[in-house]
1. For N121, state whether it is part of a helix (DSSP H, G or I), exposed (fewer than 12 other Cβ atoms within 10 Å of the Cβ) and either of a type in the set (G, A, S) or under 34 Å from the mean Cα position of the chain (by Cα) (or both).
2. Does the range 41-48 include one or more residues that are over 37 Å from the mean Cα position of the chain (by Cα) and more than 29 Å from T27 (Cβ to Cβ)?
3. Would you be able to say whether some residue in the range 69-77 is at pLDDT 90 or above, assigned to a helix (DSSP H, G or I) and farther than 30 Å from A38 by Cβ?
4. Could you check the range 11-30 and list, in sequence order, the residues that are among the hydrophobic types (A, V, I, L, M, F, W, C) and modelled with pLDDT of 75 or more?
Amino acid sequence: MKRILSNMLTSKPDISTIKEQKWVLNTVMIIGGFLIGAGVADCVISIKQLDVDQLARGLTIFSAGVTICVLVDNTKAQRATKKIHQETQLQLNNIEKQLEAIQQSQQATEREVQEIRNAVNKAKP
């Protein structure tokens, strides 16, 4: 299981595998939430007992949970940004093809106009 998670998280994400990995990110996010909750609970207990060591442990656990949640959120945001970038790139490619077609059409029209002018000039006495 550890190897599977490691391979999934270290490999370059592909758009087709995002849906397959969604459960992994959700599971990691839940674990981060549990760590946050455990850290807060540990801090509350340490305040009642005035135990500085337990407070430090609670803050460390809380910090680990927050770090995990931030990393998962950044991963999700990065994937969303990558998807938007790919969609934008496709749109730009389509626009580029349309502009090339317009340019070719314009050049053909200019050639035809030039041929008509030449024909009119030759037809004049």
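1. In short, no.
2. Looking through the range 41-48, at least one residue is over 37 Å from the mean Cα position of the chain (by Cα) and more than 29 Å from T27 (Cβ to Cβ).
3. no
4. Hits for the range 11-30 are W23, V24, L25, V28, M29, I30.
The values are calculated or read from the model by the stated rules, or taken from the named source; none is laboratory data. Source: prediction; values computed, not measured. For neighbour counting, all protein chains shown are included, and Cβ atoms are generated from backbone atoms with ideal geometry for every residue, glycine included.
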